[in-house]
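S.K.: Okay, handing you the structure first.
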Number of protein chains: 2
Amino acid sequence: MINLAQYAKLAGTYDITTGEMKGAALVRRHLSDLRGSFVDAQAFESALRQSDPLIYSVSSIEPGKGQGDLHYGLGVLMPGKVGAEYYLTKGHLHAWREAAEVYIGLRGTGCILLEEPSTGQSQIVPLGKGSIVYVPGHTAHRSINTGLEPLVYIGVYPASAGHDYGSIAKQNFRKVLIERDGHPLLLDRTEVAGKV
Amino acid sequence: MINLAQYAKLAGTYDITTGEMKGAALVRRHLSDLRGSFVDAQAFESALRQSDPLIYSVSSIEPGKGQGDLHYGLGVLMPGKVGAEYYLTKGHLHAWREAAEVYIGLRGTGCILLEEPSTGQSQIVPLGKGSIVYVPGHTAHRSINTGLEPLVYIGVYPASAGHDYGSIAKQNFRKVLIERDGHPLLLDRTEVAGKV
């Protein structure tokens, strides 16, 4: 039987300034956790010798595990670059490939990079304050902060979605978003590798 | 095959001032659409003789119909009262009873009234700017605006959730949220009926 009092306790607050969400499990990713994610390995190692800053955090709440349940997380992605490439999340596919995700932008300026792994189809979709992005099933997705303040968003996904980071770790996204002349530019990874 | 360009087109903006969401299907509920929802039938008819104001709107986007897909909507519930009872939405159960819903509060002050119909268990959970509410499956839910400005929120739910308004229309929520001495007070409907 549903215990409503228990669910009512989960109801909480999110803070787009501190990135905190009451009662959430917090994961923090520092630069050192992102080895292999950025296209410019030399710039990455050089930055890491200077410091190991927090790149992003995700605060997740998982109220239930039933087929109709949902999980949600508050993401905070810091502004910055490794070489010319904007700070980004590792990115993932859902383990249950059909699972979609809705991203609700709350603060900052950035985008989500979408890729359909089997065909390599890619899309950049704006994500920032006041925007919503739908990530369909079967689609790898990564957040990218192209602005000067933290990019803050809430993602909602089916409880049974699961996260598959391995596929991305094995073969990175085919596209890379770099800054050129002060603006974001989407290029092929193969085109950029070794040149930035 | 996934057509990412098509999904990218769905990505849009939401506006917490106008209540608009790009590309959404808009439903508007006026006072006359809410006959039977408020406890004080006399106050309702009397208000309706004066005017038929907009009580709430919901802008919905339904990107897909697969098992892992999600739908989402931007709700805007106006401030006001019928008699002593705050403006509210009709409320619904999901046709697929297991389907949950995540509410993300973006503006204003209010709450969600939860009720498990078979037992009558009820809970009031705050919903407003900076709050998140999880509505578990098998739970009737209704938004209530207890503030002085529009209550704006985004709801995300499984694509296969469906809406069952009939059960609520047949037997209203057992609890009623009224204003007393300037504050919200949750009472039993049977206790209030005929007395407000």
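Rule-based calculations on the coordinates, nothing more; no lab input. Everything quoted here is computed from the prediction, not taken from an experiment. For neighbour counting, all protein chains shown are included, and Cβ atoms are generated from backbone atoms with ideal geometry for every residue, glycine included.
S.K.: With respect to the symmetry axis carrying chain A onto chain B, which residue of chain A exhibits the smallest Cβ distance to that axis, and what is the value in whole Å?
M.R.: Closest to the rotation axis on chain A: A:Val156, 2.
S.K.: If I model a spin label as a point 7 Å beyond the Cα along the Cα-Cβ vector, how far apart are those points for B:Lys22 and A:Glu149 in nm?
M.R.: A separation of 2.1 nm, rounded to one decimal place.
S.K.: Next question, about the same structure. What gaps in nm, shortest first, separate B:Ser46 from its twins in the other copies when you place the label 7 Å past Cα toward the beta carbon?
M.R.: Label-point separations across copies, in nm and ascending: 7.6.
S.K.: Once you place label points 7 Å from the Cα toward the Cβ at B:Glu45 and A:Leu48, how far apart are they in nm?
M.R.: 7.6 nm
S.K.: If you don't mind, there's one more thing I want to ask. Mean residue ellipticity at 222 nm from the helices of the protein assembly as shown, using -39,500 (n - 2.57) per DSSP H segment of n ≥ 4 over the full residue count, to the nearest 500 deg cm²/dmol?
M.R.: -3000 deg cm²/dmol
S.K.: Give me the distance in nm between label points sitting 7 Å out from Cα along the Cα-to-Cβ direction at B:Arg35 and B:Asp15, one decimal.
M.R.: 3.4 nm
S.K.: Restricting to DSSP loop positions (anything but H, G, I, E, B) with no more than 15 other Cβ atoms inside 10 Å of their own Cβ, which trypsin sites (Lys or Arg not before Pro) remain in region B:1-58? Before the final figure, lay out the partial values.
M.R.: On the way: sites: B:Lys9, B:Lys22, B:Arg28, B:Arg29, B:Arg35, B:Arg49; in loops: B:Lys22, B:Arg35.
Loop-located and lightly packed - B:Lys22, B:Arg35.
S.K.: Here is a follow-up. Which shape class, rounded, prolate or oblate, goes with region B:70-174 when its Cα gyration tensor gives a ≥ b ≥ c as root eigenvalues, a/c under 1.5 marks rounded, and past that a/b bigger than b/c marks prolate?
M.R.: Values: a/c = 1.81, a/b = 1.22, b/c = 1.48.
Oblate.
S.K.: Could you work out how much longer the chain between B:Ala169 and B:Asp188 gets when fully extended? Use 0.36 nm per residue separation minus the Cα distance between them, nm to one decimal. Please report the intermediate quantities before stating the final value.
M.R.: Details: separation 19, 0.36 × 19 = 6.84 nm, distance 1.72 nm.
Gain on stretching B:Ala169 to B:Asp188: 5.1 nm.
S.K.: Additional query: Using a 7 Å offset from Cα along the direction of the beta-carbon, what are the separations from B:Gly166 to the same position in each other copy, nm, ascending?
M.R.: 4.6
S.K.: Suppose you put the label 7 Å out from Cα in the Cβ direction; list, shortest first and in nm with one decimal, how far B:Ala193 is from each other copy's label.
M.R.: For B:Ala193, the other copies' label points sit at 7.1 nm, shortest first.
S.K.: Dipole magnitude of region B:1-101 about its Cα centre, charges +1 at Lys/Arg Cβ and -1 at Asp/Glu Cβ only, in debye to the nearest 20?
M.R.: Details: 10 positive and 11 negative charges, 32 e Å.
Magnitude of the dipole: close to 160 debye.
S.K.: Pick out, in residue order, every one of the trypsin sites (Lys or Arg not before Pro) in region A:93-183 that is DSSP loop and has at most 14 other C-beta atoms within 10 Å; say none if there are none. Write out the running numbers ahead of the final one.
M.R.: On the way: sites: A:Arg97, A:Arg107, A:Lys129, A:Arg142, A:Lys170, A:Arg174, A:Lys175, A:Arg180; in loops: A:Arg97, A:Lys129, A:Arg174.
Listed in order of number, the matching sites are A:Arg97.
S.K.: Moving to a separate point now. On average, how many beta carbons from a partner chain sit within 10 Å of the beta carbon of a residue in B:131-141?
M.R.: Working: counts 5, 14, 5, 13, 5, 13, 7, 5, 3, 0, 0.
Shielding by partners across B:131-141 averages 6.
S.K.: Report the number of Lys pairs in region B:30-178 whose alpha-carbons are under 27 Å apart, with separation of 8 or more residues or on distinct chains.
M.R.: For region B:30-178, qualifying lysine pairs total 9.
S.K.: Next up: For region B:157-172, just list the computed ³J(HN,Hα) in residue order, Karplus coefficients 6.51, -1.76 and 1.60, θ = phi - 60°, integers in Hz, with x standing in for Gly and Pro.
M.R.: For region B:157-172, the Karplus-derived couplings read 8, x, 4, 8, 4, x, 10, 10, 8, x, 4, 6, 4, 6, 9, 5 Hz, x marking Gly and Pro.
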